[in-house]
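Working notes for the structure below.
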There are 4 protein chains.
Amino acid sequence: MIYPLAERLFGIIPPVITPLDEAGRFDRASGERLYRYHVDAGVHGLFLFGSSGEGPLLAQRTREEALETSVRVVAGRVPVLAGVLAAGTELAIAEARRAKELGADGLVVCPPFYFRVTQDELKQHFRAVRRAVDLPLLAYDIPATTKLKIELDTMLELACEGTLVGAKDSSGDAAGFRRLLVRRPQGFRLFTGSELLVDAVLLSGADGAVPGLANVAPELFVELYQHFTAGRAAEAIALQRRIVRLFDVFVAPDGTVRSGYAVGSMKAAMKLRGVIDCVRTCAPFEPVTAEQLGRVRAIMQETGVLR
Amino acid sequence: MIYPLAERLFGIIPPVITPLDEAGRFDRASGERLYRYHVDAGVHGLFLFGSSGEGPLLAQRTREEALETSVRVVAGRVPVLAGVLAAGTELAIAEARRAKELGADGLVVCPPFYFRVTQDELKQHFRAVRRAVDLPLLAYDIPATTKLKIELDTMLELACEGTLVGAKDSSGDAAGFRRLLVRRPQGFRLFTGSELLVDAVLLSGADGAVPGLANVAPELFVELYQHFTAGRAAEAIALQRRIVRLFDVFVAPDGTVRSGYAVGSMKAAMKLRGVIDCVRTCAPFEPVTAEQLGRVRAIMQETGVLR
Amino acid sequence: MIYPLAERLFGIIPPVITPLDEAGRFDRASGERLYRYHVDAGVHGLFLFGSSGEGPLLAQRTREEALETSVRVVAGRVPVLAGVLAAGTELAIAEARRAKELGADGLVVCPPFYFRVTQDELKQHFRAVRRAVDLPLLAYDIPATTKLKIELDTMLELACEGTLVGAKDSSGDAAGFRRLLVRRPQGFRLFTGSELLVDAVLLSGADGAVPGLANVAPELFVELYQHFTAGRAAEAIALQRRIVRLFDVFVAPDGTVRSGYAVGSMKAAMKLRGVIDCVRTCAPFEPVTAEQLGRVRAIMQETGVLR
Amino acid sequence: MIYPLAERLFGIIPPVITPLDEAGRFDRASGERLYRYHVDAGVHGLFLFGSSGEGPLLAQRTREEALETSVRVVAGRVPVLAGVLAAGTELAIAEARRAKELGADGLVVCPPFYFRVTQDELKQHFRAVRRAVDLPLLAYDIPATTKLKIELDTMLELACEGTLVGAKDSSGDAAGFRRLLVRRPQGFRLFTGSELLVDAVLLSGADGAVPGLANVAPELFVELYQHFTAGRAAEAIALQRRIVRLFDVFVAPDGTVRSGYAVGSMKAAMKLRGVIDCVRTCAPFEPVTAEQLGRVRAIMQETGVLR
């Protein structure tokens, strides 16, 4: 089994936001700046159309423009992964095909997310996408939104047979991720989606992270990864503590962490940094308020990622 | 507030399956027979693209062909409702617009179902669809798939302001449905999605039912409704008991009720009755096996709906 | 199989509150009045130590005094059932034995509720209690607190083998209850715990109801049952609508229905009626406030159960 | 604020099993050997009556004998903590008082676990136990059994006001634990209950671990902790990988991790090591079979903890 992409898959791969204009269309100029900003910050890949990228809410045209733009701007310096977050297999295959045509280097595929399916049906979903499109697949394990945990045995079977080259774990189940780390076949790439545990998973052998919070401050995660690869565990852990503080940008005033609020904070951060022009998120997410923008600014300043 | 459609909304409205051919495309000939079969059986409306109709799994083209066919075949004899089961608001609006163009009489809209949204975000979703498309809206409350209960106060607010003309309750929360029945504004139409409780909800004041099991034997539900309207409560209840027996077609050999298995049994029943040609369901649902076909036949024979 | 108790099990059996004094001890005088009040209201049984009775929160001594008092006051006019809501089998057996010694006519046993157990372990739980104590057992299906649904096949197996003589369904799964009603063996007694669905379950064949709201107005439920047995379905349904309105006593100002708030409202109602002296609930339930007392009074007055 | 116990709280504190004889009574001789075995293995404390200790299933007498025995055998060499896993506050206080009388050094208190309570009610629960019994309290956060997450703000409030001196986190929410680690007040002790993440939480600043798997091989966890304190991160991580392998003793043949099966494996391990005489668990847990004993032996041998 040869994994040409897998060898280039490691490090910090932000699940990048999708910049929109006031009318809700893809904002190409902001997108160009945004993708360049991340690459210049040293990230090791880009992942479009994940949850942070509002993937399941985007119009087809927005997806196409964003992917085309990112592929062009990135220009092969790092891999560009396209999320395939579709309710069913046929729709997933259509999205996957289009992503390949537009130049994606790999696909991140989540379970079907309207109906509850069995682990067997889940395996068929991944296999069907893999058969239909000749691109490396990573599984996206995110039961909070899909209602379905990709079980350990399912993941191992798909890994060993070559259907998957890796996985992004956003399950919140750090113990299960640890079991997967120990049992995975050689070469299978594992990434955490938890911005709060990047140091820990790297130390325990994971290949990298796909943290939503890298939309707020990619340079912190890149630096953490550099500390790790240089064997500076203490520095990595200290930096992680600062990231834990920064995570508060995702916590709404009522103490909860909601998808709409979190994505709004990502866009607020990039606007505050002058990277994107507009904080618009997809309906039905609540719009970003001036108060939210102020909170994000304050937390970014306190943690030293904004002056 | 005028509810022109609402006055025609009552009785048995099957959430009709979407017949596919072996290649997974819409099977027009089977569809024509199927929609006619239901209308001839006396149903009071058709609801396409619900869960039983595999709505969230269908390709756009399949949806369009099915809706066009049903509108043509039904020819105004009963209302045709189109399900709008979309992960986000923009996608929902696009689906809703297309449904109106193709002649749907009303829309059945479920909450966004990938991200967890708040009740406020949920209200915005319904309002945005209503503003964008001039068709009556019914809410589809089905937290088992959407992860989100439409709360009583949310439903009442949307009903009283005229955003919704009715609702299909597939929440499984019969007590909550009862509270809604007592509190709903005049003219707001309420339907249950539970095939096992049709007699009870009719007696307690609901307007009708949208039972998946009507895909197996619409005539039983039509007869039950006729008993009810004629004041024959005892006969309605007795017939409901027979329907409870028939419900076993949805129960897999391991005792669980799974979406894929249930939809497969609906298609099996219609094939056994000679209405559709092919039992194919959408991937990743497990295919209907000969064993499942045999179980469905046996239960239909035992309950007297197949010779 | 002989079910001597089962023949006397039908109708309205309130899951009666446990009156406490200011110090949190059993209030005997209030208890005597309370049990007499219910019997005078025409109830067909009393169920102590259910969820409304704060069963799992009570000290052993409180349980003993309450049961002794109720058995004495009721004096055989109707059956007295004791709840056995214990985290494990050994503790359940000890409670069951003590209940028998104190004169309970039957036991209502819920699944073990700390650890998640399997359906097989659940069966062993019921069987072990039944073997240890020669009293009729009813199962108490209440997954909202126990985290475990008693599955249909489990219930049927325990019913058919004689371990259980009946069940109280507080699962909220009205459709599952309907399947159980149709499949239960002859003589197996079924009660709903949902105050909002009493008319419907009686019409569909259930033997009665164990409604927490009967703690607020037992006479309404007794009257509803009389309408039902006299064949006055329309009157039963109309009365049920009034009960749905009265249910608002359980709804906190924030729109949620919480156990502590609901039990507080039951005690408030009985104090407002002059039956018990003190509204104290068990810690850690939030205490009943003057504001809650006022809300309960207002709703009782609006629905005509308090002047 | 003085935390006399807290200063002695760190390292590996097994949530020790409760050895029973064939009749289900406390097996004193096995208990003496077991507690000594752990102390000799170098553990830094003992925690009786947690989930691994079958706390909520034990008879009062068993609890008393076990606690008395452990206090006597341990003789102050390490702290002995008693679990207070009670459904309500009054019952918790009674258990807490008895534990103090019998010599416990501290209490580990979980949320009330039958009724769903609010965070405010939860705070009252901890405060009431703390007021009633003068022993240091640790919170036991285990929503899989209690249905209730102790939220970050709740924990911090109870920590800052001195109600709690620490917490055992068995929530499975490693990201939330990380936030707590960063925000906790000085001196507040934090332990993970996850055997699969001990290295990671120690590196990120936690004080220790309370791993159920320490019932199978305490020496591995003690060694891991020694590696950590000596700054040998790589060795700690390597040993953790071996522990991940050993975790398979908790995985039933069907791939699930069930409480009853896991506790059975702990007892099997201690019997295989000659420490306890009998593998009996509390009803309704399924009994340990010869097949399970064989699986445990095989995995222990493969991972080098049994010859």
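Would you please give the residues with an amide H less than 5 Å from that of B:R189, counting only those at least 5 places away or on a separate chain, with H modeled from the backbone geometry?
B:G166, B:A167
Determine the order of C:E161, B:E22, A:E65 by accessible area, beginning with the largest, at a probe radius of 1.4 Å.
B:E22, C:E161, A:E65
Mind jotting down a quarter of the surface of the convex hull over the alpha carbons of the range D:71-138, in square nanometres, one decimal? Present the calculation step by step, with values, prior to reporting the outcome.
On the way: hull surface 17.4 nm².
The directionally averaged projection comes out at 4.4 nm².
Based on the inverse mean of 1/r over its pairs of different Cα atoms, what is the Kirkwood hydrodynamic radius of the range D:5-231, in Å?
Numbers: mean 1/r = 0.0579 Å⁻¹.
Mean inverse Cα-Cα distance, inverted, gives 17.3 Å.
What is the sum of charges around D:V244, taking Lys and Arg as +1, Asp and Glu as -1, for the other residues whose C-beta is under 9 Å from the C-beta of D:V244?
+4
Run the numbers on the range C:105-131: which residues show a drop of 40 Å² or more in accessible area, chain on its own versus all protein chains together, using a 1.4 Å probe over heavy atoms?
C:F113, C:Y114, C:F115, C:R116, C:E121
With respect to the axis carrying A onto C, what is the closest chain A residue by Cβ position, and how many angstrom separate it from the axis?
In residue-and-Å form, the answer is A:D254, 6.
Given the whole protein assembly as supplied and a 1.4 Å probe, what does the accessible area of D:C160 come to in Å², nearest 10?
100 Å²
Go through A:V16, A:V279 and list them by solvent-accessible area, largest first, probe radius 1.4 Å.
From most exposed to least exposed: A:V279, A:V16.
Given the pairs D:K123/D:K149; A:K147/B:K149; B:K149/C:K267; B:K168/C:K149, which are separated by over 23 angstrom at their Cα positions?
Result: B:K149/C:K267; B:K168/C:K149 exceed 23 Å.
Would you mind telling me the share, in percent, of accessible area of the range B:195-281 contributed by carbon and sulfur at probe 1.4 angstrom?
The C+S portion of the solvent-accessible surface of the range B:195-281 is 51 percent.
Hey, what D do you get for the range A:182-307 in µm²/s if you plug the Kirkwood alpha-carbon radius into Stokes-Einstein at 20 °C and 1.002 mPa s?
Rounded to a whole number, D works out at 139 µm²/s.
Could you compute Rg(Cα) / (2.2 N^0.38 Å) for the range D:1-52, with N its residue count?
Working: Rg = 13.4 Å, N = 52, 2.2 N^0.38 = 9.9 Å.
Ratio of Rg to 2.2 N^0.38 Å for the range D:1-52: 1.36.
Quick one: pull the percent of accessible area on the range C:31-135 belonging to carbon and sulfur, 1.4 Å probe, ligands and nucleic acids left out.
47 percent
Starting at the first residue of the range A:276-285, write each ³J(HN,Hα) from the Karplus equation 6.51 cos²θ - 1.76 cosθ + 1.60 with θ = phi - 60°, in whole Hz, x for Gly and Pro.
10, 8, 9, 9, 4, 10, 6, 5, x, 4
Using alpha carbons only, what's the Rg to Rh ratio of the range C:32-78 with Rh from Kirkwood? List each step's numbers first, then the result.
Numbers: Rg = 10.7 Å, Rh = 11.0 Å.
A ratio of 0.97.
Rounded to whole Å and sorted largest first, list the principal axis extents of the Cα atoms in the range A:215-282.
41, 28, 16
Long-range amide H contacts for D:T18: which residues qualify at under 5 Å (H placed 1.01 Å from N, peptide plane, sequence gap of 5 or more or a different chain)?
Excluding prolines and chain starts, which carry no amide H, there are no hits.
Can you give me the relative contact order of the range D:1-89 as a percent, contacts being Cα pairs under 8 Å and 6 or more apart?
On the way: 122 pairs, mean separation 31.1, N = 89.
RCO, the range D:1-89: 35 percent.
Given a Förster distance of 56 Å, report the FRET efficiency between D:E291 and C:R245 from their Cβ-Cβ distance, rounded to the nearest 0.05.
Details: r = 58 Å, r/R0 = 1.03.
Once rounded, the FRET efficiency stands at 0.45.
For C:G255, which inter-copy label distances result when the label point lies 7 Å beyond Cα on the Cα-to-Cβ vector, reported in nm to one decimal and in ascending order?
Spelled out, the distances from C:G255's label point are 2.0, 3.8, 4.0 nm.
Given a 1.4 Å probe, how much area per residue of the range C:5-231 is accessible, in Å²?
Value for the range C:5-231: 29 Å² per residue.
For B:E195, which sequence-distant residues (separation of 5 or more, or a different chain) have an amide H within less than 5 Å of its own amide H, given hydrogens modelled in the peptide plane?
Sorted by chain and number, the residues that satisfy this are B:G212, B:L213.
For an R0 of 51 angstrom, estimate the FRET efficiency from the Cβ-Cβ distance between A:Q60 and B:A234 and round to the nearest 0.05. Each step should come with its number before you reach the end.
On the way: r = 54 Å, r/R0 = 1.06.
After rounding, the FRET efficiency stands at 0.40.
Roughly what would the spin-label model give for D:E219 and B:T256, points 7 Å off Cα along C-beta, in nm?
Taking the simple label geometry, D:E219 and B:T256 are separated by 4.2 nm.
Restricting everything to alpha-carbon atoms, can you work out Rg to Rh for the protein assembly as shown with a Kirkwood hydrodynamic radius?
0.96
In Å² (nearest 100), what accessible area is buried between D and A, both sides summed, heavy protein atoms only, 1.4 Å probe?
Rounded to the nearest hundred, the buried surface is 2200 Å².
Between D:D40 and C:C160, how high is the FRET efficiency from 1/(1 + (r/R0)^6) when r is the Cβ-Cβ distance and R₀ = 41 Å? Nearest 0.05.
On the way: r = 53 Å, r/R0 = 1.29.
After rounding to 0.05, the efficiency reads 0.20.
Given 20 °C and 1.002 mPa s, how large is the Stokes-Einstein diffusion coefficient of the range B:119-266 in µm²/s, with Rh as the Kirkwood radius over Cα pairs?
The calculation lands on 131 µm²/s.
Which semi-axes, in whole Å and largest first, does the equivalent ellipsoid of the range C:44-169 have when worked out from the alpha carbon gyration tensor as the square roots of 5 times its eigenvalues?
Here the semi-axes work out to 23, 15, 13 Å.
Anything losing 50 Å² or more of accessible area from the isolated chain to the full protein assembly: pick those residues out of the range A:170-201, probe 1.4 Å, ligands and DNA/RNA ignored.
By number: A:R178, A:R179, A:V182, A:R183, A:L196.
The values are calculated or read from the model by the stated rules, or taken from the named source; none is laboratory data. Since the structure is predicted, the reported quantities are computational estimates derived from the model, not experimental observations. Please note: Cβ atoms are built from the backbone with ideal geometry, for glycine as well, and neighbour counts cover all protein chains shown. Surface accessibility is based on the protein's heavy atoms, side chains included, excluding ligands, DNA and RNA. Shrake-Rupley method; radii C 1.70, N 1.55, O 1.52, S 1.80 Å.
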